[in-house]
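**Q** The following block contains the structure, expressed as structure tokens.
The values are calculated or read from the model by the stated rules, or taken from the named source; none is laboratory data. The shown structure was predicted, so the numbers you read here are calculated from the model rather than taken from an experiment. Here Cβ is always computed from backbone atoms with ideal geometry, including for glycine, and neighbour counts include all displayed protein chains.
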């Protein structure tokens, strides 16, 4: 069970990462990157960030590029949250494929 502090930090990180990815997605034509969920560890040192990437065909490729640039993303995040957080957690990015799963289930039901 997550504590209130974990939930507050997760919401803050999700909001700030969404605005960072909005700027990053402008470099890629026709790509939408959405931060769907952020989970913070109990000691607030690691954050698992789940991303939804549209179109999903380019998801793995873009996720690899995002993981390569995680240090610069963390640096940008530290600049945005410098008055709210003392230490910015390490970021781990994962692909959230729940929308693809829902679409697959809908196709099976039809």
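**Q** Taking the stated definitions as given, is residue 10 assigned to a helix (DSSP H, G or I), surrounded by fewer than 17 Cβ atoms within 10 Å (Cβ to Cβ) and modelled with pLDDT of 90 or more?
**A** No.
**Q** Looking only at segment 20-30, which residues are in contact (Cβ under 8 Å) with a residue 12 or more places away in the chain and surrounded by fewer than 16 Cβ atoms within 10 Å (Cβ to Cβ)?
**A** Result: 28, 30.
**Q** Here's something else I'd like to know. Do you know which of the residues in segment 63-90 that are touching a residue at least 60 places away in the same chain (Cβ under 8 Å) and not in a loop (DSSP other than H, G, I, E, B) is surrounded by the most Cβ atoms within 10 Å (Cβ to Cβ)?
**A** 77
**Q** Here's another thing I want to ask about it. Hey, residue 42 hits all of (1) more than 13 Å from the chain's Cα centre (by Cα); (2) in contact (Cβ under 8 Å) with a residue 24 or more places away in the chain; (3) more than 18 Å from residue 10 (Cβ to Cβ) but one; which does it fall short on?
**A** (3)
**Q** Quickly run through segment 37-54 and pick out the residues that are closer than 18 Å to residue 95 by Cα and exposed (fewer than 14 other Cβ atoms within 10 Å of the Cβ).
**A** 46
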